[in-house]
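Please read the structure below before turning to the comments.
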Amino acid sequence: MEKATAIVSSSSGVNVFLATRLANAVKHMRSIVLLKAGNRFADARNILSVVALCATLGSPIDIGAFGEDERDAAQAVEQILSEWSGNMEAGVVTKKVV
């Protein structure tokens, strides 16, 4: 079992964009990745359960990974939670209209 803790860095907290990014990062891994924020738990592969954590900016999230590639899975989730910024969440490129 691999454990880690990450602090949510997104200004909008854990929203659907961040949850989707997490789910995509772990969907091909063999390990089970569980997240805990406060008294709520989530499977990192389940977008709705990750959003239901209701974690906001600065919230600590405990990460537990169990399986063959548990270290890689925990590190991937920790990196996404710690480095995700609110600027890319909409996936929209803004351009100046002349």
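Here are the numbers:
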item: Descending semi-axes in Å of the range 1-52, equivalent ellipsoid built from Cα gyration tensor; result: 16, 14, 11
item: ³J(HN,Hα) computed for each position of the range 37-46 - Karplus, 6.51 cos²θ - 1.76 cosθ + 1.60, integer Hz, glycine/proline x; result: 10, x, 10, 10, 10, 8, 8, 4, 7, 9
item: Cα Rg, Dmax (largest Cα-Cα span) when computed across the range 2-88, Å; result: 11.2, 34
item: Whole-Hz ³J(HN,Hα) from phi, Karplus 6.51 cos²θ - 1.76 cosθ + 1.60, for the range 6-16, glycine and proline x; result: 10, 9, 5, 9, 6, 4, 9, x, 7, 10, 5
item: For Arg45, distant residues with modelled amide H under 5 Å away; result: Val33
item: Asn46-Asp62 pseudo-label distance in nm [points 7 Å out on the Cα-to-Cβ vector]; result: 1.8
item: Note, ³J(HN,Hα) from phi for the range 49-54, Karplus 6.51, -1.76, 1.60, rounded to Hz, x at Gly and Pro; result: 5, 5, 4, 5, 5, 6
item: Where labels lie 7 Å past Cα in the beta-carbon direction, separation of Asp69 and Glu83 in nm; result: 1.7
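No lab work stands behind these numbers, since they all come straight from the coordinates. Small disclaimer: the values here were computed from a predicted structure and weren't measured. Backbone-built Cβ (ideal geometry, glycine too); neighbour counts: all protein chains shown.
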